[in-house]
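Okay, structure first, notes after.
The values are calculated or read from the model by the stated rules, or taken from the named source; none is laboratory data. Since we're looking at a predicted model, the values are computed, not measured. Counting neighbours? That spans all protein chains shown, and the Cβs are built from the backbone with ideal geometry, glycine included.
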Amino acid sequence: MSELSLLVLLPFLAATLTVAVPGRAASLGLVATAANALLVVSLCREIIARGAVEQVIGGWAAPLGITFVGDGLAAVMLAMTAIVSLAITAQAMSTPGRAGFWPLWMATLGALNGLFLSGDLFNLYVAFEILGLAAVGLTALAGTPMALRAAFDYLTAGLAGSLLILLGIALSYSVTGRVDLETVVVLTESSNGRIALALIAAGLAVKAALFPLHFWMPAAHSSAVPVASALLSALVVKGALYLALRLSIEGGAGAEFLRSALAVLGTGGMLWGAWNALRAERLKLLVAHSTVAQIGLIALAIGVAGDPLQNGLWTAAALLMLSHALAKAAMFLAVGRIAEALGHDRISGLNREELRPGAAEFAFAIAAISLVGLPPTAGFIGKWILIEGLVDEGAVHWIALLLLGTALSAAYLSRVVSRCLRGGPHVSATAQRLPWRSGDVAALGLATGALLLGLAAALPLTLLEVPFA
Amino acid sequence: MTAFVEALGLAMMLAGTAFLVVAAIGVWRLPDLLSRLHVLTKADTAGVALIAIGAAIHVQDVAATLSLALCTLLVAVSGATTGHLIARDQFNPSVADAEEGA
Amino acid sequence: MLPVFDVVLAAAILVSAALALWVRDRIAAVSGFLVTGLLVSLSWLRLGAPDVALAEAAIGAGLTGALLLRSAHRIPCAPSKALPPSLWCAAGALAIAISGAIVWTVTSFGAAPVYPSLVADNLPESGAQNPVTAVLLNFRAWDTLLEIAVLFVALTVVIMVAPARPRTAPLGPLVQPFARVLLPLTVLIGGHLLWQGGHAPGGAFQAGAVLAGGAIALGLSGVIGSKLTRQNGLALLAIAGLAIFALAALAAEVLTGALLGYPAGEAKTWIIAIESALTLSIAATLFLLFFGPAERH
Amino acid sequence: MISEYAFLATGAGLVGLALLRLATSADLLMRVLGLNVLAVGIAMLLLVSGMGASGTDAVPQAFVLTGIVVLVGVTAVLLALAERIAEDRDE
């Protein structure tokens with residue numbers, strides 16, 4: 001059996017098993033994520049050694065059938081998912097489980113893997129529906145009225161987004177007569193094809209929480225339980241961003257209109273998210289708004305990179321996605337621990353005298369360094385590649401915007417870090433020092449991973465340089 | 001012969017349609033729930049049955065006739081039952097309230 | 001004659017949809033939606049898609065309608081705030097623009113679909129004579145597998161969040177005999193649709209929906225107690241569909257080297273086996289989606 | 001030809017109506033209905049595009065079938081969430 005089929009089917013099988021045998025759900029989840037990681041490692045080695053792999057499902061070649069495409073970009077995304085999923089599983093095993101978490105998490109993993117590998121637009125739509133529903137379930141896991149309301153708004157927004165994607169696919173079918181990914185380049189050639197692409201992109205913008213269609217996101221990401229927030233913020237929105245990047249690649253030079261739109265919306269998101277993060281009163285909300293800003297940054301990176309078939313600037317966007325996934329997952333896990341220790345998550349009450357900052361605060365600080373993009377993090381490398389390329393093109397205004405975004409992210413993240421280091425009286429009487437748990441290891445591991453990824457950036461870059469299938 | 005059979009089938013279907021139209025007018029014009037139900041269930045069942053007979057005469061096929069008969073049966077049974085349920089709900093609202101209220 | 005019918009039908013769909021979306025009364029809105037669904041399934045027939053018409057009538061209008069009716073009274077009306085007319089006009093203009101763009105995109109010159117000839121050429125090997133079944137269970141079975149996964153996730157979420165419902169009172173003396181007629185009939189129709197799916201309109205989804213509809217009627221009439229929904233067996237049956245489909249996909253890969261690639265000449269057997277499992281699992285899933293958990297933990 | 005245009009206009013009209021309703025209503029049930037109508041409109045566009053001289057293309061038919069099944073799952077989740085929100089508000 002090939003890695004590709006197992007990558008998608010194992011999580012779904014694990015999901016059904018965790019429902020059938022709820023008592024062993026956690027260990028089943030661990031086995032599945034470990035197996036998933038091993039499969040990804042083996043796939044990456046194969047891709048580096050032999051180039052992109054393709055698998056024709058059922059023996060029916062595209063366009064009639066559906067093809068799995070495992071190229072460098074897909075492999076990097078799969079690796080990102082595998083790393084974060086190990087940490088999420090480790091954290092989830094140490095917290096008391098809620099019914100429904102494991103099947104939903106396994107289904108999310110399967111849907112993400114399916115999404116990254118699929119070479120067919122309609123198939124991508126179905127994968128998005130699994131992802132969206134599972135993400136809503138993870139949001140509602142907390143069970144509080146706020147979380148339920150956020151879950152409802154998330155699902156209506158998500159469904160509207162996927163229906164826009166479906167509308168775009170219907171129009172693509174009517175224009176080109178087919179729906180596999182190779183149709184994208186044909187679509188860019190005619191104005192009615194571009195309408196179809198624009199609809200797909202609009203749906204993706206809703207799903208990726210791209211400004212100004214991010215309205216549902218801060219509530220959903222901040223009211224979920226920590227593990228779920230980490231998952232939603234680090235991985236789920238990446239599905240839509242990945243597809244936006246994929247459309248930009250498949251569309252080639254003709255997708256320039258798409259990239260311009262992404263650049264403009266990305267800039268808006270970067271500034272708006274940063275502004276809200278600067279004003280947020282709750283820690284979780286700050287982190288959620290920072291996700292809006294970071295998504296804006298990634299969209300901006302995709303947007304200004306130019307034709308991916310001509311230059312390698314787009315690899316910056318992939319690196320930024322990778323580093324954001326690790327850092328943001330670490331950050332949400334850490335925030336969960338901080339809130340648990342203090343009994344609240346108000347930023348004004350973060351300073352403390354008697355409890356010195358612990359592993360969680362440390363993890364938060366390292367993740368913040370990675371998000372801001374200081375050397376040697378992968379975020380730094382990503383921004384460096386981008387700025388270097390933009391300097392060559394003489395696009396100074398984009399560079400200025402990038403630097404402004406970086407400065408803003410440093411500003412809002414330092415609100416938290418400086419508070420943690422500052423002394424002062426406690427706000428909550430129930431605050432306590434928590435014992436070490438595997439969750440701390442997960443947050444710290446992810447944060448240091450994001451930090452060190454910069455040193456090992458050669459690995460993802462090698463993968464990304466594998467030519468497209 | 002065939003022309004006569006054709007005409008018979010058409011007449012049946014026309015009659016059925018007329019029943020349905022009358023039922024629709026009844027639902028629209030009649031004043032209260034019960035009289036509306038009255039016209040709806042009876043005329044509806046009769047109309048569908050007539051159309052089914054007309055169609056069966058037209059196709060002259062055993063399998064098709066069988067499924068048409070099944071359809072008619074289902075409409076008759078479910079029409080009567082839903083009519084009953086709606087009327088019961090009207091007269092005995094406590095049942096519905098108990099369901100919703102709790 | 002038929003174009004006139006189509007135009008009337010199209011207009012009726014638009015009017016009933018508008019009614020469903022703008023009428024104030026909850027039940028009237030849901031009824032409007034049901035009528036729209038039935039008219040739409042009629043229009044699918046006119047568009048040459050009887051499989052879809054069956055599915056729309058059974059699932060899109062039938063089951064969705066039942067779900068909406070169940071919930072209509074339990075969801076309170078939001079206080080209706082009058083939107084400023086300027087916003088209304090802007091939204092209206094945008095909607096008209098999008099509709100216009102769609103019409104223009106579809107009518108202006110496009111390439112002919114590439115699929116019909118491909119489907120026709122490969123139909124003999126697919127194991128099904130009905131092209132729609134061939135696409136769903138063979139050419140693009142991967143879509144269908146993910147679709148079953150969607151149902152699985154939906155069921156998981158519903159069981160997790162659905163409110164604990166009070167037991168519904170049995171519906172009175174006339175309903176039980178009705179249910180006794182209905183039960184054999186739904187089994188008969190479901191089986192017929194499943195078997196027919198190989199060569200004529202029908203298939204696992206339509207059959208599963210009919211079975212689920214019958215079971216829901218039985219559940220509402222009190223013939224099936226809430227005991228059944230509480231038992232794990234039904235939930236296991238519901239999730240078995242995804243597990244069996246996924247295992248079959250992998251088993252096919254072991255045998256032929258291609259994921260979901262059925263062994264040559266045996267495609268029909270594989271499709272019927274998978275479809276039978278799916279029918280039961282879909283029926284159980286839809287039934288549980290309607291009733292939810294009897295108790296929440 | 002006339003039929004085709006009639007159904008095309010219906011599909012586009014349904015999409016427009018649903019989008020308008022989604023944009024102007026805050027009511028939970030209305031949003032669910034609006035999204036369902038939107039899906040029906042898209043399905044109609046797919047089927048109209050698939051019509052050809054030798055019958056309707058089977059692949060978009062399969063897409064629409066898949067879409068219908070996916071939508072009933074999502075609708076069930078939406079309604080369960082909405083009921084739960086109402087229940088929590090009552091308490």
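Quick notes on this one:
- Of note, A:Val76 satisfies the criterion of being of a type in the set (Val, Ile, Thr), modelled with pLDDT of 90 or more and crowded, with 23+ Cβ neighbours inside 10 Å.
- Within the range C:81-111, the set of residues being more than 9 Å from chain D (Cβ to nearest Cβ), more than 29 Å from D:Leu28 (Cβ to Cβ) and among the hydrophobic types (A, V, I, L, M, F, W, C) comprises C:Trp104, C:Phe109, C:Ala111.
- Residues that are within 23 Å of C:Ser126 (Cβ to Cβ), assigned to a helix (DSSP H, G or I) and in contact (Cβ under 8 Å) with a residue 40 or more places away in the chain within the range C:239-268 comprise C:Gly241, C:Leu242, C:Phe245, C:Ala246, C:Ala249, C:Ala267, C:Lys268, listed in sequence order.
- Check on A:Ala35, free of Cβ contacts under 8 Å to residues at least 24 places away in the same chain and part of a helix (DSSP H, G or I): no
- Among (1) touching an Asp or Glu at 6+ places or on another chain (Cβ under 7 Å); (2) among the small types (Gly, Ala, Ser); (3) surrounded by 17 or more Cβ atoms within 10 Å (Cβ to Cβ), the one test that C:Ala29 misses: (1)
- Boolean, A:Val84 is buried (at least 24 other Cβ atoms within 10 Å of the Cβ), modelled with pLDDT under 95 and closer than 16 Å to A:Gly239 by Cβ: yes
- Selected residue (criterion: farthest from the other protein chains (Cβ to nearest Cβ)) from residues of the range C:17-32 that are in a helix (DSSP H, G or I) and within 12 Å of D:Leu29 (Cα to Cα): C:Ile27
- Hits in the range A:381-399 (condition: more than 23 Å from A:Leu322 (Cα to Cα) and without any contact (Cβ under 8 Å) to a residue 40 or more places away in the chain): A:Val391, A:Asp392, A:Gly394, A:Val396, A:His397
- Residue list for the range C:92-113, restricted to those being crowded, with 19+ Cβ neighbours inside 10 Å, closer than 30 Å to C:Asn130 by Cα and either modelled with pLDDT of 90 or more or not hydrophobic (A, V, I, L, M, F, W, C) (or both): C:Gly110, C:Pro113
- Within the range C:66-90, being under 30 Å from D:Arg84 (Cα atoms) and more than 29 Å from the chain's Cα centre (by Cα) holds for C:Pro79, C:Ser80, C:Lys81, C:Ala82, C:Leu83.
- Among the conditions (1) at the interface with chain C (Cβ under 7 Å from one of its Cβ atoms); (2) surrounded by fewer than 23 Cβ atoms within 10 Å (Cβ to Cβ); (3) without any contact (Cβ under 8 Å) to a residue 40 or more places away in the chain; (4) part of a helix (DSSP H, G or I), D:Tyr5 misses just one, which is (1).
- Test for A:Glu340: is it surrounded by fewer than 24 Cβ atoms within 10 Å (Cβ to Cβ) and within 18 Å of A:Val416 (Cβ to Cβ): yes
- Scanning the range A:58-76 for residues that are in contact with a Gly (Cβ under 6 Å, 6 or more places away or on another chain) and part of a helix (DSSP H, G or I) turns up A:Gly58, A:Gly59.
- The single condition from (1) more than 7 Å from every other protein chain (Cβ to nearest Cβ); (2) acidic (Asp, Glu); (3) closer than 28 Å to C:Ala277 by Cβ that C:Asp121 fails is (3).
- Selection over the range C:269-297 of residues that are surrounded by fewer than 18 Cβ atoms within 10 Å (Cβ to Cβ) and at pLDDT below 90 gives a count of 4.
- The set of residues in the range C:244-268 that are buried (at least 19 other Cβ atoms within 10 Å of the Cβ) and of a type outside the set (A, V, I, L, M) comprises C:Phe245, C:Glu253, C:Gly261, C:Tyr262.
- Residue within the range B:30-48 that is out of contact with any helix residue (DSSP H, G or I) (no Cβ under 8 Å at 6 or more places or on another chain) and not in a helix (DSSP H, G or I) present: yes
- Meets criteria (touching a residue at least 60 places away in the same chain (Cβ under 8 Å), outside any helix (DSSP H, G or I) and of a type outside the set (S, T, N, Q)) for A:Ala79: no
- Pairs, first touching a residue at least 12 places away in the same chain (Cβ under 8 Å) in the range B:26-37, second surrounded by 15 or more Cβ atoms within 10 Å (Cβ to Cβ) and among the β-branched types (Val, Ile, Thr), C-beta under 7 Å, six or more apart: B:Gly26/B:Val39; B:Val27/B:Val39; B:Leu37/B:Ile86
- Every residue from the range A:14-28 that is free of Cβ contacts under 8 Å to residues at least 24 places away in the same chain, more than 14 Å from C:Asn232 (Cα to Cα) and at the interface with chain C (Cβ under 8 Å from one of its Cβ atoms): none
- Taken residue by residue, the range D:62-81 has no member that is farther than 30 Å from C:Ala141 by Cα, without any contact (Cβ under 8 Å) to a residue 12 or more places away in the chain, in a helix (DSSP H, G or I) and more than 7 Å from every other protein chain (Cβ to nearest Cβ).
- Considering the conditions (1) within 7 Å of another protein chain (Cβ to nearest Cβ); (2) under 27 Å from C:Gly100 (Cβ atoms), D:Gly11 is excluded by exactly one of them, (1).
- Boolean, A:Leu43 is assigned to a helix (DSSP H, G or I) and surrounded by fewer than 24 Cβ atoms within 10 Å (Cβ to Cβ): yes
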